[in-house]
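The values are calculated or read from the model by the stated rules, or taken from the named source; none is laboratory data. It should be emphasised that the depicted structure is a prediction, and the values quoted were computed from it without experimental measurement. Cβ coordinates were reconstructed from backbone atoms using ideal geometry, including for glycine residues, and neighbour counts include every protein chain displayed. Protein only, heavy atoms only, side chains kept; ligands, DNA and RNA dropped before computing areas. Shrake-Rupley method; radii C 1.70, N 1.55, O 1.52, S 1.80 Å.
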Amino acid sequence: MTTTLRERVRAGDSAAFGELFDSAARPVYNHAYRLLGDWTGAEDAVSLTFLEAWRCRERIDAEGGTLLPWLLGIATNVVRNTARARRRHAAALARLPRVPAEPDFAEALVGHLDDLDQWRAVRAALETLRRPEREVVALCVYAGLDYAATAEALGIPIGTVRSRLSRARAHLRDTVAPARQEAR
């Protein structure tokens, strides 16, 4: 008594299932591609079709001819289910709140690095000043105090604040200007 491919697949014969795959994979792929219009999706549908066919092999009728119509029916359902899942996924994503795109931080980083380099240069130039001149520059320039407030903060006359600030500016001009020309 000879058993058919149908009976062998139904019995769980993996070699028979391999034969079925070899003979029917191309028609199943073509069918899935026609339904989906997507090569990758069709390949996935073929995989899922044969996985489902192996899982449901006991349901195959013992009598009958080729198994291709049965496989194409499974492929049709697989395509329908994956399309539904894709639609549901897209709808779920559409319901999520939009996250604003993060701006490119490269330009800000470059600007920050340039600022940092300039700050280091200014800090180095300030270190060349005497302490009393540095204090006047810190209060007038960085703290934004006027001459009178600076004089009050340091406990010195306004004229001294003016002369220290003038000397500091001249010194910084003489120190920083040549350094800028060298950098160019």
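Quick notes on this structure:
- Part-to-part distance (alpha-carbon centres) for the stretch 3-66 and the stretch 67-128, which is given in Å: 38 Å
- Which of TRP39, TRP119, TRP54 is most accessible, then next, and so on - probe 1.4 Å: TRP39, TRP119, TRP54
- Look at the dipole of the chain built from charges on Cβ: of ALA138, TRP119, TRP39, the Cα furthest out on the positive end belongs to ALA138.
- Along each principal axis, Cα extent of the stretch 1-122, largest first, Å: 99, 31, 23
- Restricting the stretch 125-169 to trypsin sites (Lys or Arg not before Pro) in coil, as DSSP defines it, with at most 15 other Cβ within 10 Å: ARG130
- The Cβ shell under 9 Å around ILE60 holds other residues with a net charge of +1, Lys and Arg each +1, Asp and Glu each -1.
- The Cβ shell under 15 Å around THR150 holds other residues with a net charge of +2, Lys and Arg each +1, Asp and Glu each -1.
- Counting Lys and Arg as +1 and Asp and Glu as -1 over every other residue whose Cβ lies under 13 Å from the Cβ of LEU129, the net charge comes to +4.
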